[in-house]
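Novice: Got a structure here, written out as structure tokens. Questions coming.
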Amino acid sequence: MLPAKKLASYRSVSVDTASPGKLILMLFDGALRFLHTAEDGFRQGDLRVRQETVHNNIIKAQNILLELQRCLNVRDGGEFAVNMFRLYDFMLTRLIESNTKKDPEGVRVVIQLLGEIRGAWDEMLQQHSAPAQAAGMSLSA
């Protein structure tokens, strides 16, 4: 395992050199990682540890969802952007309910939805980069 300082440096370089599309993928991955940790937290035996794990990781996932929502261009993005905004809003509401009620069901719903969106986003990035890579080019979007 890498020492914390080297890992932080690696992450910084990864973010600094990633395309905008890859950055969105990294946000999805981060939110999913926090949600899985929150879901695991619901199974903690120690009440204090359970509450902290669930709460802290749901909040981190919510912050990422808010950032994804802010990235949407609702004015020019048409119906798709509006629908994504609403979907992120739905996910945020479910996470608030899960955190408040300490019920894992909302977290599970968001994991499933976000996982599907992440998969579609990754597939789209791969399809758009394959022709450029075959031609020896690099896409920046």
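Novice: How many of the residues making up the stretch 101-141 are assigned to a loop (DSSP other than H, G, I, E, B) and modelled with pLDDT of 90 or more?
Specialist: 3
Novice: Taking the stretch 61-84 as the region of interest, how many residues are in contact (Cβ under 8 Å) with a residue 12 or more places away in the chain, among the small types (Gly, Ala, Ser) and not in a helix (DSSP H, G or I)?
Specialist: To start, the set of residues in the stretch 61-84 that are in contact (Cβ under 8 Å) with a residue 12 or more places away in the chain comprises 61-62, 64-69, 71-72, 84.
Imposing the further condition that a residue be among the small types (Gly, Ala, Ser) reduces the set to 61.
Applying the additional criterion that residues be not in a helix (DSSP H, G or I) yields none.
Residues in the stretch 61-84 being in contact (Cβ under 8 Å) with a residue 12 or more places away in the chain, among the small types (Gly, Ala, Ser) and not in a helix (DSSP H, G or I): 0 in total.
The values are calculated or read from the model by the stated rules, or taken from the named source; none is laboratory data. Being a predicted model, the structure only gives us computed values, none of them experimental. For neighbour counting, all protein chains shown are included, and Cβ atoms are generated from backbone atoms with ideal geometry for every residue, glycine included.
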